[in-house]
Amino acid sequence: ADFFAAMFQLWPDKEYCVVTAPPTVQRAAFLDAFVSIPPKAGSTFAHTLYLLHRDALLAPSSLSVRRYDPALHAEGAAALVGDVSSFATDADTKMEDNPPTAAFVAVMNEQVVAVVDLSRKGASTDAIDWYKANYDIEAYVPFERHRARAQAVLTDMVVNPIFGTFGRYVLKEAMRLYEKTLLYHEAPSDSVVPLHVLETLVPVPARWRATPNPGEELLGRKRGDDVPGGTLLHYFARRLASDPRCEVNARIVVVGLSTCAIGMLKALLLSSTANVKRVTLISEPGTARAPGVVVDEDYPEPFEFEALGLGQRLRVVKARAAAVDAEAKVVQLPD
């Protein structure tokens, strides 16, 4: 960081530093201060693009997270998220009284650069039981370490792209101020999940419901069985703030939509330790099950497949692979 600060002093009229790096090499340590830019659809540029704004170098010493104050932060927050009327609902309730909702802003030089909205209303005991019944979240979260009072739902999170590398810090500070240790984010599979949710939170795969004993109800039955299976669930525990997922920009191509390929996609895209960002699936039917194709018993059901949220996590090429050259790392498609 000191090197780039001195560099910007030499060129005071410059605001950005741009770096491109091949995805096959190990990520350099100095790139931790840079934001990786996602490629546009159809782009064939092989390198990963990194961007650093000069103001981002000041964030470690100048960025602070505060509770949202309508009188001070309404205009700045509206510039990021639009409608901020709901943020003021419980703004007058003191933190020690555990308000039902709480909004937070990250401020730098009195300018709002990030907004986080949390709510404990969506993390009721019934809702948590429904998560346990429908998602394999107990494999990720030791619930005995998280009191029900210390859990909440992340309803919105927007970070100025210039300060994208500080999204995890902003979320950690919001949890500290709200006295929460575990957050959830739930979204329909056909909706757009915020970029910083995909980057920061960990996805949770769906699971089969356990079979209840005769005369007993299943966990989460009060939520209703008509809840669509294609619901995406992410979580963020406080320990993840100090143990972030490793960013992987290597290009990975998966051919076909077999049971084995789906298992590979789940391992890559639902990892709690790695954020794999450039995965391509080559499949004639896309991410849908091809009609008339016989699959084995391990092939996921539609609700399991939809809950993977593959639409926002990988690039899909609807074609048949004509040949694979492993040595040259090339997949040939028919003309």
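Of the residues making up segment 109-122, those that are in contact (Cβ under 8 Å) with a residue 40 or more places away in the chain, crowded, with 20+ Cβ neighbours inside 10 Å and of a type outside the set (Gly, Ala, Ser) are 113, 115, 116, 117, 118.
The condition of being over 19 Å from residue 194 (Cα atoms), open to solvent by 20 Å² or more (accessible area, probe 1.4 Å) and touching a Leu at 6+ places or on another chain (Cβ under 8 Å) holds for only one of 93, 101, that being 101.
Confirm whether residue 153 is touching a Phe, Trp or Tyr at 6+ places or on another chain (Cβ under 8 Å), open to solvent by less than 10 Å² (accessible area, probe 1.4 Å) and of a type in the set (A, V, I, L, M). So residue 153 fails the test. In segment 43-62, the qualifying residues are those that are touching a strand residue (DSSP E or B) at 6+ places or on another chain (Cβ under 9 Å), open to solvent by 30 Å² or more (accessible area, probe 1.4 Å) and within 22 Å of residue 328 (Cβ to Cβ), and the one that is modelled with the highest pLDDT is 47.
Within segment 124-133, is even one residue under 14 Å from residue 151 (Cβ atoms), small (Gly, Ala, Ser) and in contact with a Leu (Cβ under 9 Å, 6 or more places away or on another chain)? No, segment 124-133 has no match at all. Criterion first (crowded, with 16+ Cβ neighbours inside 10 Å, on the phi < 0 side of the Ramachandran plot and at pLDDT 90 or above) does residue 66 satisfy it? Answer is no for this residue. Using the structure shown, decide if residue 141 is farther than 24 Å from residue 243 by Cα and not in a helix (DSSP H, G or I). No: the conditions fail for residue 141. Tallying residues that are open to solvent by 50 Å² or more (accessible area, probe 1.4 Å), assigned to a helix (DSSP H, G or I) and either among the aliphatic types (A, V, I, L, M) or at pLDDT 90 or above (or both) within segment 7-18 yields 1. For segment 19-41, give me the residue count where each residue is surrounded by fewer than 10 Cβ atoms within 10 Å (Cβ to Cβ) and out of contact with any strand residue (DSSP E or B) (no Cβ under 9 Å at 6 or more places or on another chain). Residues flagged as surrounded by fewer than 10 Cβ atoms within 10 Å (Cβ to Cβ) and out of contact with any strand residue (DSSP E or B) (no Cβ under 9 Å at 6 or more places or on another chain) within segment 19-41 amount to 3.
The values are calculated or read from the model by the stated rules, or taken from the named source; none is laboratory data. What you see is a predicted model; the values in this text were computed from it and never measured. Methodologically, a virtual Cβ is constructed for each residue, glycine included, from the backbone with ideal geometry; neighbour enumeration extends over all protein chains shown. Surface areas here come from the heavy atoms of the whole protein model, side chains and all, with no ligands, DNA or RNA. Shrake-Rupley method; radii C 1.70, N 1.55, O 1.52, S 1.80 Å.
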